[in-house]
Amino acid sequence: MAKWTPQHEAPEPLEGPVVATITGGTILWFVLFLAQLPFYGWFDDHGHTWWVWTCLAGGGLGLIGIWYVRKRDAALKRAAAAAEEGTLQE
């Protein structure tokens with residue numbers, strides 16, 4: 001069987017409102033966590049407490065994600081400004 005090789009180059013990655021997307025997802029995880037808290041007894045009786053803790057973990061990881069994408073966005077903007085400044089001086 002022949003090894004598969006791509007016929008064309010991969011497309012550029014899509015850049016969108018990454019910070020807003022991660023922030024929205026994090027808020028959603030925390031809302032789901034808070035919405036399930038009143039039903040914790042039911043979840044405990046049926047062995048589904050992991051649902052509650054999964055939402056809390058998603059919110060916590062989302063906070064790390066917000067920090068990461070904000071730093072990444074700032075670094076991309078700095079690199080673009082430095083590249084533009086370099087081309088203007090030449």
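Laboratory data are not the source of any read-out in this text; all were calculated from the coordinates shown. Everything numeric here is computed off the predicted structure, so don't read it as measured data. Positions of Cβ are backbone-derived with ideal geometry, glycine not excepted, and every protein chain shown enters the neighbour counts.
Residues in the stretch 48-76 that are among the hydrophobic types (A, V, I, L, M, F, W, C) and within 13 Å of the chain's Cα centre (by Cα): 61, 63, 64, 66, 67, 69. Among the residues of the stretch 8-43, those that are of a type in the set (A, V, I, L, M) and within 21 Å of residue 76 (Cβ to Cβ) comprise 10, 14, 18, 19, 20, 22.
For every residue, the table says whether it meets (1) over 12 Å from the mean Cα position of the chain (by Cα); (2) of a type in the set (D, E, K, R); (3) not in a helix (DSSP H, G or I).
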{"residue": "4", "(1), (2), (3)": "yes, no, yes"}
{"residue": "8", "(1), (2), (3)": "yes, no, yes"}
{"residue": "13", "(1), (2), (3)": "yes, no, yes"}
{"residue": "36", "(1), (2), (3)": "yes, no, no"}
{"residue": "43", "(1), (2), (3)": "yes, no, no"}
{"residue": "78", "(1), (2), (3)": "yes, yes, no"}
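For the stretch 15-26, the set of residues classified as surrounded by fewer than 13 Cβ atoms within 10 Å (Cβ to Cβ) and in a helix (DSSP H, G or I) consists of 20, 21, 24, listed by residue number.
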